[in-house]
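J.: Structure provided below as structure tokens; questions to follow.
The values are calculated or read from the model by the stated rules, or taken from the named source; none is laboratory data. Values in this document were obtained by computation on a predicted structure and should not be read as measured data. Counting neighbours? That spans all protein chains shown, and the Cβs are built from the backbone with ideal geometry, glycine included. Calculation scope for accessible area: heavy atoms of the full protein, side chains included, ligands and nucleic acids excluded. Shrake-Rupley method; radii C 1.70, N 1.55, O 1.52, S 1.80 Å.
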Amino acid sequence: MDECESQPDPGLNYAVEAGPPPRVRFSGRMDAYSTGPVWQAVLDEFRKWAGASELVLDVGEVEYCDGAGAALLYSVERETAERGGTLRFEGMTGAIAGHLKPYRDADAARPARGTGSPSWAQRLRRGVSAVGLEIHEQVAFVGEVSLALARGLARPGRVRWGDALPVAESAGYQALPIVSLIAFLLGVILAFQSAVAMGQFGAQIFVADLVAISLLRELGPLMMAILLAGRSGAAFAAEIGTMKVNEEVSALTTMGLDPVRFLVVPRILAGVLVAPLLTLYANLIGLIGAALVMRGFGIPMVTFFNQVSGAVDVGDLGSGLFKACVFGFLVASVGCLRGLQTGAGAAAVGRSTTSAVVSAIILIVIVDGLFAVLFFHLGI
């Protein structure tokens, strides 16, 4: 039996035996001070036995082992595995195994190295899995928020109205200029394009019907929701995301306070309250813009608004306002959810903000399509 011993550090000794199977015995203390001097030498010894199918590492005489010692053992184990061999430990105590476990767990969690790009089937499975997980998180969050809202409505004193009102002012009152501009231009464009087409049949008076029904039932709530998503939904995600990065959300949880009740519920209430009000305002401004265009085509404004009053009813207005409330809930909930899902770092806040806007717009379009089908079958 060929044996050599090395003592680079008085605290850690190792001996190499030729075997078979080749064996390395450690004795003494394996800590941050003693493993460094012998690290490379030990790895070199194991590389000499690269062709052996089994290697033995005897740690039965190790008196003390900390994380640094476990890191050396893990490096030997990984080096042996990469060279196609098997490393068998002898004399492994529970303490050493406990220090070695985190390294093995981290290696198991690390994705396997692929030799090429994933196949289309793998990409499809990953995409479907990601979409399914996203839908599950969104549904679970909506349920949690709905429960918190129900509790708040049952006991209004528990709702933080002092936080909800400033948020409603920021999302509603301060959004009036951009809503006014978009709604006015929308009414102008609808009226002008419709008047040009209907003028060929002498039916320009019916432009009022078209614009009024389009704005009240569809375009008013839809444009308001998209503006709310781009403006307030992104703000909600950025605010809560910044709090998440600064550990303020964790501080609330540590103090036993529910982040959904303190951060999410006020913003949800603000979104649901301001959405129908902004929709009413957008409808009015859009009708004014359309009336001004029709005035240029020779139709008086009184005639225009008389035609509007005969073309729409309370059901048209109510359906639009109901959709606006749902859109407001979706925008606020998605923004808050993306904020709570923010990871570490400033870049994570930007990703959460972008994801909030994109997700909210997609949900708005999907839900709007569902409303169209539902209202058709209900005859609304």
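J.: In terms of Cα to Cα distance under 15 Å, which aspartates and glutamates are near enough to Lys101, apart from those fewer than 8 places away along the same chain?
T.: Within the straight-line limit of under 15 Å, Lys101 reaches these aspartates and glutamates: Asp66, Glu77.
J.: Could you tell me which residue out of Leu292, Val56, Ser352 lies farthest along the dipole of the chain toward its positive end? Charges go on the beta carbon: Lys and Arg +1, Asp and Glu -1, centred on the Cα centre.
T.: Farthest towards the positive pole: Leu292.
J.: Moving to a separate point now. Considering the dipole of the chain built from charges on the beta carbon (Lys and Arg +1, Asp and Glu -1) around the Cα centre, which of Met198, Val260, Ala130 is farthest to its positive end?
T.: Comparing the listed Cα positions along the dipole, Met198 ranks first.
J.: Now, a different point. How big, in percent, is the set of alpha carbon pairs in the chain lying more than 35 Å apart?
T.: On the way: 38527 of 72010 pairs.
The share of Cα pairs beyond 35 Å in the chain comes to 54 percent.
J.: For Leu87, what residues show an amide H to amide H distance below 5 Å, using hydrogens built from the backbone and excluding near sequence neighbours?
T.: Under 5 Å from the amide H of Leu87 lie the amide H atoms of Leu55, each far enough along the sequence or on another chain.
J.: Report, to the nearest whole %, how much of the accessible area of the chain belongs to carbon and sulfur atoms, 1.4 Å probe, protein only. Don't skip to the answer; put the middle values down first.
T.: Values: 12540 of 19600 Å².
The C+S portion of the solvent-accessible surface of the chain is 64 percent.
J.: Tell me, what ³J(HN,Hα) does each residue in the stretch 129-136 have, in order and in whole Hz, if you take phi through Karplus 6.51 cos²θ - 1.76 cosθ + 1.60 with θ = phi - 60° and put x for Gly and Pro?
T.: Listing the rounded values in order: 5, 5, 5, x, 5, 5, 5, 4 Hz.
J.: Taking a probe of 1.4 angstrom, what is the accessible area of Trp161 in Å², to the nearest 10?
T.: Counting only protein heavy atoms, the figure is 100 Å².
J.: So what is the relative contact order of the stretch 118-255, in percent, for Cα pairs below 8 Å that sit 6 or more residues apart?
T.: 16 percent
J.: Treating the beta-carbon of each Lys and Arg as +1 and of each Asp and Glu as -1, no other charges, what is the dipole magnitude of the chain about its Cα centre, to the nearest 20 debye?
T.: 1660 debye
J.: What does DSSP give for the chain in terms of the percent of beta bridges that are antiparallel, rounded to the nearest 5?
T.: Within the chain, antiparallel bridges account for around 50 percent of the total.
J.: Now a separate question. For Val302 and Ala347, FRET efficiency with R0 = 41 Å and r from the beta-carbon atoms, rounded to 0.05?
T.: For R0 = 41 Å, the calculated efficiency reads 0.15.
J.: Another question, if that's okay. Which value in deg cm²/dmol, rounded to the nearest 500, describes the helix-derived mean residue ellipticity at 222 nm for the chain, given -39,500 (n - 2.57) per DSSP H run of n ≥ 4 and division by the residue count?
T.: Values: 14 runs with 254 residues, N = 380.
About -22500 deg cm²/dmol.
J.: Pull up the cross-link candidates among the aspartates and glutamates for Lys323, meaning alpha carbon to alpha carbon under 17 Å and not fewer than 8 places away within one chain.
T.: Within the straight-line cut-off, Lys323 pairs with Glu218, Asp313, Asp368.
J.: Work out the charge dipole of the chain with +1 on the Cβ of Lys and Arg and -1 on the Cβ of Asp and Glu about the Cα centre, then indicate which of Asn13, Thr303, Ala154 is farthest towards its positive end.
T.: Thr303
J.: Right, next: Not counting ligands, DNA or RNA, and with a 1.4 Å probe, what is His99's accessible surface area in Å² rounded to the nearest 10?
T.: 70 Å²
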